[in-house]
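Below: the structure, in structure tokens.
The values are calculated or read from the model by the stated rules, or taken from the named source; none is laboratory data. Note that the structure is predicted; figures quoted are calculated from it, not measured. Every residue, glycine as well, gets a Cβ built from its backbone with ideal geometry; the counts of neighbours run over all protein chains shown. Keep in mind that these areas ignore ligands, DNA and RNA; they rest on the heavy atoms of the full protein, side chains included. Shrake-Rupley method; radii C 1.70, N 1.55, O 1.52, S 1.80 Å.
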Amino acid sequence: MRMVAVRPRRWGLWLLTIGALLLIMPSALGIHSLLGWSPVWLGLIACLAALPLLVAGALLRRRYKKGRLMMRGNELR
């Protein structure tokens, strides 16, 4: 399998991980502000930014697989 849509999925997973950590860690470490922003809001923004990237990666991969199956079906005929 080729490396299809790796960058959007990778960036999406990084953003999702960072967002989850920002949502969890402030209460554990007592952090109230990061550069004047609430860590909870930054975490939510990161999680929301990750969703379109993950969806785009999944759609691109599905489209690639579907195209490969169509090409393989034409070769067998």
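For the chain, the solvent-accessible area of protein heavy atoms averages 83 Å² per residue (probe radius 1.4 Å; ligands and nucleic acids excluded). Rounded to the nearest 10 degrees, the angle from helix 39-76 to the longest Cα principal axis of the chain is 10 degrees. Overall, the accessible surface of the chain at a probe of 1.4 angstrom is composed of carbon and sulfur to the extent of 69 percent. Using the Cβ-Cβ distance between Lys65 and Trp14 with R0 = 25 Å, the FRET efficiency computed as 1/(1 + (r/R0)^6) comes to roughly 0.55.
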